[in-house]
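Structure first, then comments.
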Amino acid sequence: MSPDQLDRRLRWEACYNARDLGGYSTTDGSFTRWGAFVRADNLSRLTPAGQAALIEYGVRTVIDLRRAYELTIDRNPFAAPSEHMHAVTYLNLPLGLGADQEGIRAVQAAEQGDQASLSAIFRQVLDHYWRGIAGVMRAIVAAPPGAVLFHCHAGKDRTGMVAALLLALAGVPNATIAEDYALSQLCLQPLFDDWLNREPDPAKREASARMLGAVPETMFEILAYLDTQHGGAARYLRAAGLSDADLDQLRQRIRE
């Protein structure tokens, strides 16, 4: 990883995979804006000092992409009334995952087939959960001034998909988007090692390692699918119901 990528990590106490999406160059010579978007892992581990650091960094909107059952296991510190309630707006927008039977079957088939892979799952999410993805983007458009932080559990896949769409919409090259996705591997490796070391079955451990990983090839495959099947990020989001004005506002928010 380049020094620039390592520097973008936000070392908030007890948060593993938080980083700013600013400073990436675009194909037309611009850059993504620092302090506009933060991608992160589960915020439930944040200590009071970590929560204060998040607010001090300028985060004013937290979008939690996790499903309802996940919220009961790991509580988001910004979800309930607290001393931070006037500083940060909390939204739970789980992409609609698990909300329709067709989507559930498609994702389950991608998880269980002989060719099971993260990219296969990503493709089904893109195809079946466009309404939920569009809802996240609309929430970003409507967000008050300040940084928007979005996260799931590990901050790798659901978070990675939202980040990839935003970066692609901004005009960031695919290679950079894939490199950003792969940075999660470095950030989360201590957690991955702990989880994998608890699995005694070598075959299951190997399968889990494949699904836990965040390699550039996975994101390259997703971006290629997004381009060939959906015409790229802008056409995908437009087909999902976003207006040209919405897309312009997203670009203005993420680009310098």
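Points to keep in mind about this one:
- Under 5 Å from the amide H of Asn92 lie the amide H atoms of Asp64, each residue being 5 or more positions distant or on a separate chain, with H modelled from the backbone and absent for Pro and chain starts.
- Size descriptor for region 3-254, Kirkwood hydrodynamic radius: 18.5 Å (Cα pairs only, one decimal).
- The length gained on full extension between Glu56 and Arg75, counted as 0.36 nm times the residue separation minus their Cα-Cα distance, comes to 4.7 nm.
- Sites Arg45 and Ala224 - FRET efficiency at Förster radius 35 Å, r taken between beta-carbons, to 0.05: 0.55
- Surrounding net charge for Val148, when Lys and Arg each add one and Asp and Glu each subtract one, Cβ distance under 9 Å: +2
- For the chain, adding -39500 (n - 2.57) for each run of n ≥ 4 DSSP H residues and dividing by the number of residues yields -16500 deg cm²/dmol at 222 nm.
- Each peptide in 246-252, 36-42 was scored by the mean count of other Cβ atoms within 10 Å over its residues; highest first, the order is 36-42, 246-252.
- Cβ crowding within 10 Å averaged over residues, with 53-63, 73-83, 156-166 ranked highest first: 156-166, 53-63, 73-83
Coordinate-derived values only; no laboratory data. Source: prediction; values computed, not measured. FYI the Cβ positions are ideal-geometry reconstructions off the backbone, even for glycines, and counts take in every protein chain you see.
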